[in-house]
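K.L.:
Take a look at the following structure, please.
The values are calculated or read from the model by the stated rules, or taken from the named source; none is laboratory data. No experiment lies behind these values; they were computed from the predicted model shown. Cβ coordinates were reconstructed from backbone atoms using ideal geometry, including for glycine residues, and neighbour counts include every protein chain displayed. Accessible surface is based on the protein model in full, side chains and every heavy atom, while ligands, DNA and RNA are left aside. Shrake-Rupley method; radii C 1.70, N 1.55, O 1.52, S 1.80 Å.
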Amino acid sequence: MKVTFADIQKARELIKDVICSTELSHSVSASKLLNTEMYFKFENTQRTGSFKFRGAYNKISNLTSEEKARGVVASSAGNHAQGVAHSATLAGVKATIVMPENASISKAAATRAYGANVVLKGEIYDEAYEHAQKLEKEHGYTFVHPYQDPYVIAGQGTIGIEVLEKLPDLDSIIVPIGGGGLISGVSLAVKTINPKIRVIGVQSDRSPGMANMFHKEPPLSAHKRAATIADGIAIKNPSVVMYENFISKYVDEVVTVSDDEIAEAIVFLMERAKTVAEGSGAAAMAAAMSRSLNLGKKCCVIVSGGNIDLNIISKIIDRGQILRGRLCELSVIVDDLPGNLSRLTQAIAGQKANILEVRHDRVSQGLSLRETRIDFVLETSSIEHVEKIKRALEDTGAKVIQGS
């Protein structure tokens with residue numbers, strides 16, 4: 001498969017009046033945290049909520065009249081689905097989208113709202129992909145591949161041109177990797193303009209297929225379900241085509257991040273960048289925060305999507321706050337005597353922590369008849385603050401048995 005810089009330039013001309021040229025913003029908070037001038041490319045504010053609209057619109061706009069008349073089919077965990085659905089509607093083309101059964105509820109609902117017929121099939125993306133190919137053969141649809149397609153790659157590559165127009169002296173760019181369409185297009189664009197720019201790819205450690213291929217490590221089982229908050233990049237079978245034609249040529253490093261690290265990045269982006277990113281959209285920032293990367297003086301992080309499921313966002317925020325020491329769950333065991341709770345709360349107040357919840361437990365296994373377990377949920381300022389609170393509680397004679 002061949003994609004050239006000229007293809008990306010053509011894509012830009014074709015889609016420029018339809019897409020949003022998303023903001024490239026300098027982040028003072030991220031720059032101080034990472035000791036590098038950090039910039040965010042907010043593709044989470046793109047139409048349909050992610051970068052996927054660029055490639056999907058470029059692909060559908062290049063279909064023949066006959067292909068448009070037959071309709072299109074696509075497989076997606078959500079963002080490509082919305083990009084194809086909206087692009088097809090704009091072009092007056094019928095779209096059928098196959099999504100994994102565990103796909104985000106909000107993404108499935110949004111895809112239907114954009115006018116597509118949604119079919120739920122399989123536990124992971126790869127199974128949805130196989131079913132979409134079956135429908136392609138049965139109905140004569142044109143398959144809009146989420147990443148392994150020249151028009152899709154060229155559309156995603158327009159991000160690289162936009163970044164370097166505003167930041168020509170960029171040293172590095174961090175890009176999430178699912179199937180590889182985004183990083184293939186972006187890396188081709190930026191390396192063509194400036195071969196010295198360092199391109200860093202990021203995957204979830206629950207679906208590290210491309211990272212394993214990049215580092216010449218054995219693949220994981222293709223049948224193991226990849227449960228991750230970064231569902232948009234949860235692809236078990238990496239594409240050899242994408243690796244050989246683009247990633248092996250233009251990408252300098254590929255790293256993986258955990259769900260906890262992604263959750264922490266989501267909270268950072270909310271609190272400091274005032275933006276909402278989904279799991280896959282925050283993966284690049286998670287890598288910047290959690291890995292020792294050679295970023296140079298100026299680095300751009302692509303926030304690739306913002307279509308997060310509201311049913312899990314509160315859990316992610318709580319988890320991210322705990323990891324950053326902003327929220328703490330502590331359990332202590334004390335003698336069940338009058339005044340002990342007062343001493344504990346005074347110790348907590350003395351450390352300037354806010355008590356959000358308190359729960360007594362006198363019946364848990366392992367407690368003696370004269371003991372009680374008290375569970376606290378506290379609002380704290382840092383990991384160091386949590387450790388000070390633990391020591392203050394121990395100084396009252398309490399036994400701290402659990403803390404996070």
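K.L.:
Please determine, by comparing only the residues of the range 17-33 that are without any contact (Cβ under 8 Å) to a residue 60 or more places away in the chain and within 25 Å of the chain's Cα centre (by Cα), which one is nearest to ARG54 (Cα to Cα). Even if it seems obvious, please write down each step before you answer.
P.N.:
Residues of the range 17-33 without any contact (Cβ under 8 Å) to a residue 60 or more places away in the chain: 17, 20, 23, 26, 28, 31-32.
In the following step, the residues that additionally are within 25 Å of the chain's Cα centre (by Cα) were identified as 20, 23, 26, 28, 31-32.
Values: CYS20: 9, GLU23: 15, HIS26: 23, VAL28: 29, SER31: 29, LYS32: 32 Å.
It comes out as CYS20.
K.L.:
Could you list all residues from the range 314-332 that are in a strand (DSSP E or B) and either open to solvent by 40 Å² or more (accessible area, probe 1.4 Å) or free of Cβ contacts under 8 Å to residues at least 24 places away in the same chain (or both)? First the steps, then the outcome.
P.N.:
Residues of the range 314-332 in a strand (DSSP E or B): 327-332.
Passing the criteria: only GLU329.
K.L.:
Please state which one of THR48, THR96, THR89 is closer than 23 Å to GLU127 by Cβ, β-branched (Val, Ile, Thr) and in contact with a Gly (Cβ under 8 Å, 6 or more places away or on another chain).
P.N.:
Of THR48, THR96, THR89, the one residue that is closer than 23 Å to GLU127 by Cβ, β-branched (Val, Ile, Thr) and in contact with a Gly (Cβ under 8 Å, 6 or more places away or on another chain) is THR96.
K.L.:
Oh, and also: Considering only the range 319-336, I want to know if a residue exists there that is over 30 Å from GLY157 (Cβ atoms), touching a Phe, Trp or Tyr at 6+ places or on another chain (Cβ under 7 Å) and of a type in the set (A, V, I, L, M, F, W, C).
P.N.:
yes
K.L.:
Here's something else I'd like to know. Scan the range 249-264 for residues that are buried (at least 24 other Cβ atoms within 10 Å of the Cβ), part of a helix (DSSP H, G or I) and modelled with pLDDT of 95 or more and report the count.
P.N.:
Summing the residues that are buried (at least 24 other Cβ atoms within 10 Å of the Cβ), part of a helix (DSSP H, G or I) and modelled with pLDDT of 95 or more in the range 249-264 gives 1.
K.L.:
Quick one: what pairs do we get from the range 277-298, first residue closer than 15 Å to PHE42 by Cβ and outside any helix (DSSP H, G or I), second modelled with pLDDT under 95 and open to solvent by 40 Å² or more (accessible area, probe 1.4 Å), C-beta under 6 Å, 6+ apart or different chains?
P.N.:
none
K.L.:
State which residue is nearest to THR228 (Cα to Cα) when the search covers only the range 95-145 and only residues that are free of Cβ contacts under 8 Å to residues at least 24 places away in the same chain, open to solvent by 70 Å² or more (accessible area, probe 1.4 Å) and not in a helix (DSSP H, G or I).
P.N.:
Only one residue fits best here, namely GLU101.
K.L.:
Inspect all residues belonging to the range 79-92 and state whether any of them is in a helix (DSSP H, G or I), open to solvent by 40 Å² or more (accessible area, probe 1.4 Å) and in contact (Cβ under 8 Å) with a residue 60 or more places away in the chain. Before you say what the answer is, go through the steps one by one.
P.N.:
Keep residues of the range 79-92 that are in a helix (DSSP H, G or I), which gives 79-91.
In the following step, the residues that additionally are open to solvent by 40 Å² or more (accessible area, probe 1.4 Å) were identified as 89-91.
Filter once more, so that each one left must be in contact (Cβ under 8 Å) with a residue 60 or more places away in the chain: 90.
Checked the range 79-92: at least one residue is in a helix (DSSP H, G or I), open to solvent by 40 Å² or more (accessible area, probe 1.4 Å) and in contact (Cβ under 8 Å) with a residue 60 or more places away in the chain.
K.L.:
For residues in the range 43-78 being surrounded by fewer than 24 Cβ atoms within 10 Å (Cβ to Cβ) and either among the small types (Gly, Ala, Ser) or without any contact (Cβ under 8 Å) to a residue 24 or more places away in the chain (or both), which is nearest to HIS131 (Cα to Cα)?
P.N.:
GLY71
K.L.:
Moving to a separate point now. Find the residue count for the range 50-80, including only residues that are within 18 Å of the chain's Cα centre (by Cα) and at pLDDT below 95.
P.N.:
Residues flagged as within 18 Å of the chain's Cα centre (by Cα) and at pLDDT below 95 within the range 50-80 amount to 5.
K.L.:
Could you look through the range 291-319, keep only residues that are over 14 Å from the mean Cα position of the chain (by Cα) and of a type in the set (Gly, Ala, Ser), and pick out the one that is farthest from SER187 (Cα to Cα)?
P.N.:
Restricting to residues being over 14 Å from the mean Cα position of the chain (by Cα) and of a type in the set (Gly, Ala, Ser), the top hit is SER314.
K.L.:
Give me the residue from the range 354-391 that is surrounded by fewer than 13 Cβ atoms within 10 Å (Cβ to Cβ) and hydroxyl-bearing (Ser, Thr, Tyr) and, out of that set, modelled with the highest pLDDT.
P.N.:
Top of the filtered list is SER382.
K.L.:
Across the range 188-209, what is the number of residues that are of a type in the set (S, T, N, Q) and either part of a loop (DSSP other than H, G, I, E, B) or touching an Asp or Glu at 6+ places or on another chain (Cβ under 9 Å) (or both)?
P.N.:
Within the range 188-209, the subset of a type in the set (S, T, N, Q) is 192, 194, 203-204, 207.
Next cut, either part of a loop (DSSP other than H, G, I, E, B) or touching an Asp or Glu at 6+ places or on another chain (Cβ under 9 Å) (or both) only: 194, 204, 207.
Adding up the residues that qualify gives 3.
K.L.:
Right, next: Checking the conditions here, which among GLY320, GLY339, GLY296, GLY306 is at pLDDT 90 or above and under 30 Å from ALA103 (Cα atoms)? Reasoning before the result, please.
P.N.:
Working: GLY320 fails: at pLDDT 90 or above; GLY339 fails: under 30 Å from ALA103 (Cα atoms); GLY296 fails: under 30 Å from ALA103 (Cα atoms).
Testing whether each residue is at pLDDT 90 or above and under 30 Å from ALA103 (Cα atoms) leaves just GLY306.
K.L.:
So, one more: From the list ALA288, ALA273, which residue is buried (at least 23 other Cβ atoms within 10 Å of the Cβ), small (Gly, Ala, Ser) and at pLDDT 95 or above? Talk me through it step by step, then tell me what you get.
P.N.:
Values: ALA273 fails: buried (at least 23 other Cβ atoms within 10 Å of the Cβ).
Of ALA288, ALA273, the one residue that is buried (at least 23 other Cβ atoms within 10 Å of the Cβ), small (Gly, Ala, Ser) and at pLDDT 95 or above is ALA288.
K.L.:
Something else about it: Do the conditions hold for GLU394, that is, is it farther than 19 Å from LEU323 by Cα, outside any strand (DSSP E or B) and charged (D, E, K, R)? So that I can check it myself, show each step before the final result.
P.N.:
Working: farther than 19 Å from LEU323 by Cα: yes; outside any strand (DSSP E or B): yes; charged (D, E, K, R): yes.
Spelling it out, GLU394 is indeed farther than 19 Å from LEU323 by Cα, outside any strand (DSSP E or B) and charged (D, E, K, R).
K.L.:
Name the one entry in SER342, SER368, SER364 that is part of a helix (DSSP H, G or I) and without any contact (Cβ under 8 Å) to a residue 24 or more places away in the chain.
P.N.:
Only one candidate qualifies: SER342.
One line per residue, one yes/no per condition, for (1) closer than 26 Å to TYR250 by Cα; (2) among the aliphatic types (A, V, I, L, M):
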residue: PHE5; (1), (2): yes, no
residue: ALA11; (1), (2): yes, yes
residue: HIS26; (1), (2): yes, no
residue: SER31; (1), (2): yes, no
residue: THR36; (1), (2): yes, no
residue: ARG47; (1), (2): no, no
residue: PHE53; (1), (2): yes, no
residue: ALA74; (1), (2): no, yes
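K.L.:
Something else about it: Which of the residues that make up the range 333-350 are open to solvent by 60 Å² or more (accessible area, probe 1.4 Å) and polar (S, T, N, Q)?
P.N.:
Scanning the range 333-350 gives a single hit, GLN346.
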